[in-house]
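These notes are about the structure you will find just below.
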Amino acid sequence: MRYRITVKFKEGVFNPEGDTVKRTLNKLGYTGVSNVSIERVFVLEVGDDIGREQVEKLASDILSNPVIEDWEIERK
């Protein structure tokens with residue numbers, strides 16, 4: 001089974017990487033870019049012995065920082 005986990009900053013949390021990319025694009029003349037958000041994507045291939053609950057625990061406890069990040073899981 002395959003799961004896609006997307007981790008991104010929570011609403012209102014400053015995204016320093018995204019801000020750096022936005023400022024660089026603006027300096028290069030792409031002044032219409034007003035916001036850039038950087039997200040991390042993990043694709044896990046797991047055996048039948050690992051269920052969605054365990055994948056959610058991985059996302060929450062290991063792959064993200066629950067204080068500043070949210071995550072979403074999509075089964076592929």
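The values are calculated or read from the model by the stated rules, or taken from the named source; none is laboratory data. Only a predicted model underlies this, so the values are computations on that prediction, with no experimental measurement involved. Positions of Cβ are backbone-derived with ideal geometry, glycine not excepted, and every protein chain shown enters the neighbour counts.
Give the residue, chosen from ASP49, ASP61, ASP19, that is surrounded by 12 or more Cβ atoms within 10 Å (Cβ to Cβ) and charged (D, E, K, R).
Values: ASP49 fails: surrounded by 12 or more Cβ atoms within 10 Å (Cβ to Cβ); ASP61 fails: surrounded by 12 or more Cβ atoms within 10 Å (Cβ to Cβ).
Step by step, each of ASP49, ASP61, ASP19 is checked, and only ASP19 is surrounded by 12 or more Cβ atoms within 10 Å (Cβ to Cβ) and charged (D, E, K, R).
Looking at region 41-61, can you tell me whether even one residue there is within 15 Å of the chain's Cα centre (by Cα) and more than 17 Å from GLU74 (Cα to Cα)?
Yes, that holds for at least one residue.
Any idea how many residues of region 1-39 are over 22 Å from GLU74 (Cβ atoms) and acidic (Asp, Glu)?
2
For region 1-50, how many residues meet the condition of being of a type in the set (Lys, Arg) and within 15 Å of SER64 (Cα to Cα)? Give the derivation first.
Step one: of region 1-50, the residues of a type in the set (Lys, Arg) are 2, 4, 8, 10, 22-23, 27, 40.
In the following step, the residues that additionally are within 15 Å of SER64 (Cα to Cα) were identified as 4, 8, 10, 40.
The qualifying residues number 4.
Collect the residues in region 1-10 that are at pLDDT 95 or above and out of contact with any Phe, Trp or Tyr (no Cβ under 7 Å at 6 or more places or on another chain), keeping them in residue-number order.
Keep residues of region 1-10 that are at pLDDT 95 or above, which gives 2-10.
ARG2, TYR3, ARG4, LYS8, PHE9, LYS10 - these are the residues of region 1-10 that are at pLDDT 95 or above and out of contact with any Phe, Trp or Tyr (no Cβ under 7 Å at 6 or more places or on another chain).
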